[in-house]
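Below is one structure; the comments refer to it alone.
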Amino acid sequence: MSTNGGNVGKYKNPFDDWQRTPSAHFRLYFFAAVSHLLHQLSLTLGSSQKAFEQFPFLAGYALERDKYEPAGSSINSAGAWWQQTLEDWEQKAASHLPLRALRESFNLDHAAMTLLLGIGLIEEDARFGLLFESMQGTPGQQRPTVGLLNAWWTGEHANGEVRAQLRDLNQFGLVRFLGTEAPRIAWAIETPGVLWDALRGETNPVIATWAKYHAPRDLCPIKKLIIPEDLRGPLMAVPPLLATGDVNCVIIRGPERNGRRTLLGSVALSLGKGLLEIEGVEQKEQKEAEHWRLVGPLATALNALPVIVLDAAPGETIQLPELSGFNGARGLVLGKHGGVSANVKGSITLNLPMPDYAARRQHWQEALHSPTRDLDQISAGFRLTGGNIRRAAHLAETAAAIAGRDEVTISDVQSASRALNREALDTLATFIPALGDWDYLAVRGETLQELRNLEARCRYREGLQDASGLVLSQQMNAGVRALFTGPSGTGKTLGARVLAAVLGKDLYRLDLSTVVNKYIGETEKNLNRLFARAEELDVVLLLDEGDALLTQRTNVNNANDRYANLETNYLLQRLESFESILIVTSNAGERIDRAFQRRMDIIVSFPPPDAGERWTIWQLHLPEEHQVSASTLDQVAQRCELTGGQIRNAVLHASLLALNNGRVITSTHLEEAVQREYQKSGSVCPLRPQAVRVAASRW
């Protein structure tokens, strides 16, 4: 019907001067739903006047409606007029309209769309809630129920259309039923708030705790990505395949914070879409299932490529349910391990490796807005993921500003890297301060040489792979695995601390209590999480007392043996693929599975110190102002076969005695401390009896 009573198809659209925007389109649909409600309420109460008397706020809506809607329209003719008006208005809209996209994607008719908007009227005006509560006669129930909607939205011939439409809307994730323990007719219905915002044309960056939206303007074109050149070609081939529907899923694998989402963002931009990032939605619990049901409608309404970020453990396959009513392109983000099972037409998998030196240098150049003369050294010394480089650059500039400097130095980057490490690793491992240089160690020449070889292996681990032959280089990665063996107290942990110091890296010790779990598979998940963070942040990981985890496999006599062997097998595989620096220490190297030993790049033996080494260790630990005679020190070094750890304990006890008497360590203090160390181990002190008597008489 036209405004002048003519034929429905011959009229001037009263909304032609409205901008073709999502918010304007939403407002038109909103008025269509309000118009339907006003007509229905007049029929229910007998007249519009009675409706205004009972619900005065409706008078304002009626005045607004009457500016546009043909006078004297019935509920059916008004519905037809709004349908044609919307269709005519949409034809001149070239931009994305969420409601139109939703209608076409889910094959909904005009009645279903006005029903959807009618359900959400309360989201725009809380007074509609009071109206629904009054008309339903249920105190406190301010959302429309199945019974009310079925009565108010049914056409001239009631054949269950509304019930079917409500089922479809629910199945597509557009609405959800509340209070389902009541009879069906009393079920309340709502439109999820995050979806309603998207229908209104809002594009909030943070949609919910589990969903983020990135607008096309915030995405990076493929040509500007910092990625290996051999990956750029396959990546550029992905958007056309997704656009034609030949493939509808692209999987990006790689370390965390390494640009996996950025790659998919560039794909979305090539398709003219934004990016809808979904964090690990799995259909395990009802709440998660509800979130999953919203992914399809949200992606459609936002015109975005849905990207699901998953954290699959080694050997785990995550089963993803279908996206409700959504058959478009989607992306998956995974780590290097685990798998995913999803109902897709076809998929492409691309692997994004850690950035090499050239890529890291480019990341630092783009991320640092302050000058630095250490760019080459920073790029070579910090093997971080692209995302962590960006975060570290910001923190480094902040550190330089606090110090009153315009230029960023390598010490600023070290400080920034340490902050990132603690943020990601403190719950998984224990930070151990790095210490000194090789002069801090009093070990045999062979041991020191192997440690220097290990240092060189760590420094040139990337170059070594490039310098190797084709076959060998394909078997290698940038990881370095070393085994330190020897009795307790011989300097294994100290050697790891010194190695981290000379490399300029942080050292973290694996705490078995935080990773070993009685539940099947949980230990492997915890270890994988720790190894992955260590790789991404390029820290030195210390596995102290490694024989507790790297034990020899046993015959399978029971379930415990089987699962213990599974953990061992997982560690074997994970160590082989590890791409950072791992130090394993063991007091009983013979108990470590030989398969682990074969996977170690360097094995360093720490034997008990000889007399000369013990003398050096005593000198390193004693304070400069001590008053221990040279003869006493020589005798203790020659006769007392203590390890470095025992010497450390003896010096600490001697210092305690000195604080209690004179504040300077004397020969008497030292001899008594040595005697105490032997008593702790249940052995006889080999010092001359006279010295022992002097030490004992002090007390």
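The values are calculated or read from the model by the stated rules, or taken from the named source; none is laboratory data. Nothing here was measured: the structure is a model prediction, and the numbers come from that model. Note: ideal-geometry Cβ built from the backbone for every residue, glycine included; neighbour counts use all protein chains shown. Accessible surface is based on the protein model in full, side chains and every heavy atom, while ligands, DNA and RNA are left aside. Shrake-Rupley method; radii C 1.70, N 1.55, O 1.52, S 1.80 Å.
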Which helices (runs of 4 or more DSSP H) does segment 391-501 wholly contain that include 2 or more residues that are without any contact (Cβ under 8 Å) to a residue 40 or more places away in the chain, of a type in the set (D, E, K, R) and open to solvent by 60 Å² or more (accessible area, probe 1.4 Å)?
410-425
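Taking helices (runs of 4 or more DSSP H) that fall entirely within segment 135-214, which contain at least 2 residues that are within 30 Å of H96 (Cα to Cα)?
Values: elements: 146-152, 161-171, 193-199.
By residue number, 161-171, 193-199.
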Here are the criteria: (1) open to solvent by 30 Å² or more (accessible area, probe 1.4 Å); (2) without any contact (Cβ under 8 Å) to a residue 60 or more places away in the chain; (3) of a type outside the set (D, E); (4) in a helix (DSSP H, G or I). Tell me which single one R663 does not satisfy.
(4)
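Residue by residue, here is whether (1) touching a helix residue (DSSP H, G or I) at 6+ places or on another chain (Cβ under 9 Å); (2) modelled with pLDDT of 90 or more; (3) open to solvent by less than 40 Å² (accessible area, probe 1.4 Å); (4) farther than 21 Å from L494 by Cβ holds:
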site: R598; (1), (2), (3), (4): no, no, no, yes
site: F606; (1), (2), (3), (4): yes, yes, yes, no
site: L620; (1), (2), (3), (4): yes, no, no, no
site: S631; (1), (2), (3), (4): yes, no, no, yes
site: R639; (1), (2), (3), (4): yes, no, no, yes
site: S667; (1), (2), (3), (4): yes, no, yes, yes
From the list W82, W89, exactly one residue is farther than 29 Å from G272 by Cβ, out of contact with any Pro (no Cβ under 7 Å at 6 or more places or on another chain) and aromatic (F, W, Y). Which is it?
W82
Restricting to segment 54-71, what's the tally of residues that are over 50 Å from the mean Cα position of the chain (by Cα) and either loosely packed, with under 12 Cβ neighbours inside 10 Å or assigned to a helix (DSSP H, G or I) (or both)?
8
Output the qualifying pairs, or none if there are none: Cβ atoms under 6 angstrom, residues six or more apart or on different chains, first residue in segment 626-649 and over 19 Å from G486 (Cα atoms), second residue among the basic types (K, R).
A637/R614
Among the residues of segment 98-134, how many are of a type outside the set (A, V, I, L, M), part of a helix (DSSP H, G or I) and touching a helix residue (DSSP H, G or I) at 6+ places or on another chain (Cβ under 6 Å)?
10
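Conditions tested, residue by residue: (1) part of a strand (DSSP E or B); (2) open to solvent by 20 Å² or more (accessible area, probe 1.4 Å).
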position: L264; (1), (2): no, no
position: R293; (1), (2): no, yes
position: P306; (1), (2): yes, no
position: A312; (1), (2): no, no
position: L323; (1), (2): no, no
In segment 242-262, anything within 20 Å of A304 (Cβ to Cβ) and open to solvent by less than 60 Å² (accessible area, probe 1.4 Å) is listed as L242, G245, V247, N248, C249, V250, I251, I252, G259, R260
Candidates A51, A32, A94 - the one that is aliphatic (A, V, I, L, M), part of a helix (DSSP H, G or I) and at pLDDT below 95:
A51
